[in-house]
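Comments concern the structure below.
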Amino acid sequence: MLGVIRFIYLFKSVWAILLALLLGSILIQLAGSDPLDAYAALFKGAFFEYFGFGNTLVKMSPLILAGLAVTIPLRAGQFNIGAEGQIYMGALFATLAALYLPAMPGWIHVLVCSIAGAIGGGLWALIPAVLKAYHRVNEIIVTLLMNYVAINIVSYAVSGPMMAPEAPYPYSDEIPESLFLPHVLPRTDAHLGVVVGVVLAIVLFAVFRRSTFGFSLATVGRNPDAARYAGMSVKRHIVVAFVVAGAMAGLAGTYEVLGLKYRLFHHFSPGYGYDGIVITFLAGGNPLFVVVAAAFLGGLRSGAGIMQRAVGVDTTVVEAIQGLVVILLAMGLAFRFEQTFWARVLRKRKEVAGELSPDGQPENPP
Amino acid sequence: MIEIFLDPALLTDFLRTSLRLSVPIVFAAVGGVLSERSGVYNIGLEGMMLAGAFGAAVGAFFFDTPFAGVVTGAMCGMLAALILAVLGVSLGVNQIVTGIAINLFVLGLTSFLSRVVFGAQANTLNLQGFKPLAIPGLISIPVIGPVFFGQDLLVYLMYAVVPLLYFMMFATPWGLNIRAVGENPRAADTAGVSVNAVRYACVLGSGLFAGLGGCFLVLSQVFLFSENMSAGKGFIALAAVILGRWNPVGALLACLLFGFFDALQLRLQFLNPEVPHEIFVAMPYVVSILALVGLVGRPSPPAAAGIPYRREAK
């Protein structure tokens, strides 16, 4: 039964994408180009050309990890809108570890930086998690607001104490060359981050499906009363889910620094954390589909420039298409809502909220 | 830094900037109050504001008058709000998911459409905007005059909107209906109030106000449209709704405080680069989180906020 629902849901995402591309073709026509030529250039450039595909892989690295960061808490019925901020904090911690720790062998240092980045993102996610689990403060609004706090912390760091000397605008010193992540496609920018993302997605899939933790997390989401009766702590599961999610987002930020930019820039993420929400929407909460959805969004981004050069349509059309996908998916929620994955997530959410407030008080709002 | 507050000319200028920076978030925040009082979470304020800004730019661009911009801007804000009304109120889709979808949708669509409509001149546009309009007599009061009574029409509109909305909310049958629908929709329904009609009106109203906030950005501040120009102001407005305790006047005060922080950080960037201005940029968000946690009073949102109303449901 679950498989059937998941299959229908996968289908739903495909329909939404196709419809969005159809509506997008009207926009392209509006801009005075031929939609078929434009899409051909876009997808050929994103997936069937060596350098274009490399560029898609570059974009996929943060997108997969951000998607996982939104997917994990959803398992327990919690929304993480804060992946963007967790990405920034992860990148900050990783850069600190890269620049200011004593010299050590390259691969150990990369590992240390990754752990530092994961800790940075995880700690940042710990705050809304504790507030939610122990004080019943709505996690959506807190994670949303904390994004701006994190972005400003990074801006402060790279325009103040960490700013590279003589830098024309805020960025840090370059990290040592021994820390540069190896490239997975020669002569492109595609770095190891995307491999880490795919591996973590597979691991998470296995954890959700096979492990005790995956089971108890889903139980906490599905039936908090039963979970508590079986001796599982609802509060602790919420906290763990958020911290792991934050660690994923932190890694997204880490590999942007170690794999692509080699410095910490202010405003370096163009909203990958929010894209993670779109990806989770598309993937219907399945970590493996997160990879597929990230490939789609990453492909849109990397193909957009090629399309602009080929047929002259502005790259922002892919943002419009992405927006259309989201709104169509939201509309899709209206149909047969009670049977869908999202309906179950939202039921879980309500139940967990009830579990957290035995006295029946409403939680704090957004 | 302290000289800002001692020199009357500098102080006037500083307070004027504070007020002007808070105007767009005041509009969006009163919209948020209206919507959430009726029981509909409005995370989509950001998108509605951006839609309003885009509409304002298009209207002013084609008709060459800011008044047309206000009309089209308000309409675009309401169009974005209509999505929330249809999905979140009629069809019972989760209001937060819908709100997030609206933000992403409007961001993508306006980014592209602005390239189509304005083309290459998008960033050099100089649209017809509102000019400051001094109120005779009041303008000559020292400090207060130039700060409050040398503003443009949209600011005067804001002066009218906040008390009117407060009056409507707490002293008229309409306001009573709105609050009843937000607190206990079943009771309101039993008393003959159409829950969804009230919610539709409030959500569309919130789109109208958020749209006006967007209009102010374009028609009174920068006179052009740029991608993602609302830049999180809708989320600050959301914070102001909470800090202002779901009350139009409270929201106004919260926005004025946030505008003050914003003006302060701008001033610091220019005059005292050694003071980290990022602290003041982040301040509204930090204060709002503290308010949510309950360190700044106890928040009590409308009881039915976020729950779609179903007659047949238990």
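Throughout, read-outs are computed from the coordinates displayed, never taken from laboratory work. What you see is a predicted model, and the numbers here were worked out from it, not measured in a lab. Positions of Cβ are generated from backbone atoms using ideal geometry, with glycine treated the same way; all protein chains shown enter the neighbour counts.
Brief remarks on what is shown
- C-alpha long axis of helix B:8-37 to longest principal axis of chain B, angle in °: 10
- Karplus-based coupling profile of region A:90-104, in residue order and whole Hz: x, 4, 5, 4, 4, 5, 4, 5, 6, 8, 10, 7, x, 4, 8, with θ = phi - 60° in 6.51 cos²θ - 1.76 cosθ + 1.60 and x standing for Gly or Pro.
- The calculated FRET efficiency for the pair residue B:64 and residue B:13, based on their C-beta separation and a Förster distance of 35 Å, comes to about 0.70.
- Alpha carbon centroid spacing (whole Å) that separates region A:243-286 from region B:198-224: 32
- Mean Cβ neighbour count within 10 Å, used as a protection proxy, ranking B:6-12, A:29-35 highest first: A:29-35, B:6-12
- Of A:132/B:233; A:132/A:235; A:132/A:348; A:132/A:350; A:235/A:350; A:12/A:350, pairs whose Cα-Cα distance is over 19 Å: A:132/B:233; A:12/A:350
- Here the simple spin-label model places points 7 Å from the Cα toward Cβ, and for residue A:51 and residue A:347 these points are separated by 5.2 nm.
- Other residues whose C-beta falls under 13 angstrom from the C-beta of residue A:43 contribute a net charge of 0, scoring Lys and Arg +1 and Asp and Glu -1.
- Residue exposure sequence - A:59, A:12 - by fewest surrounding Cβ within 10 Å: A:12, A:59
- Three-way shape call for chain A based on the alpha-carbon gyration tensor, with the a/c threshold at 1.5: oblate
- The Cα center of region A:193-240 and the Cα center of region A:116-141 differ in position by 17 Å.
- Taking the number of Cβ atoms within 10 Å of each Cβ as an exposure proxy, the fewest-first ranking of B:189, A:225 is A:225, B:189.
- Residues whose amide H lies under 5 Å from that of residue A:191, counting only those 5 or more places away or on a different chain, are A:184; hydrogens are built 1.01 Å from N in the peptide plane.
- Per-residue shielding of A:124-132, expressed as the average number of other chain Cβ atoms within 10 Å of the residue Cβ, stands at 1.
- Cβ-derived FRET efficiency at R0 56 Å, residue B:274 paired with residue A:189, nearest 0.05: 0.90
- Degrees separating the helix B:248-271 axis from the principal Cα axis of chain B, which is the longest one: 30
- Shielding score for B:35-47, defined as the mean number of other chain Cβ atoms within 10 Å: 1
- Cα-based shape type of region B:227-273, given that a ≥ b ≥ c are square roots of the gyration tensor eigenvalues and the cut on a/c is 1.5: oblate
- Among A:209, A:301, A:344, sorting on how many other beta-carbon atoms sit within 10 Å of each Cβ, with the fewest leading, yields A:209, A:344, A:301.
- With Cα atoms, 0 to 90° folded angle of helix B:153-171 axis to chain B main axis: 30
- Neighbour count of at most 12 Cβ within 10 Å plus DSSP loop: longest GluC sites (Glu not before Pro)-free window in chain B: B:1-273
- Per residue of A:136-144, other chain Cβ atoms within 10 Å of the residue Cβ number 5 on average.
- Derived scalar couplings between HN and Hα for region B:92-98 equal x, 6, 3, 5, 6, 4, 4 Hz in order, rounded to whole Hz, by the Karplus curve 6.51 cos²θ - 1.76 cosθ + 1.60 (θ = phi - 60°), x for Gly and Pro.
- For chain B, the square roots of the Cα gyration tensor eigenvalues, ordered a ≥ b ≥ c, give a/c of at least 1.5 with a/b greater than b/c, which places it in the prolate category.
- The Cα center of region B:46-124 and the Cα center of region B:242-262 differ in position by 24 Å.
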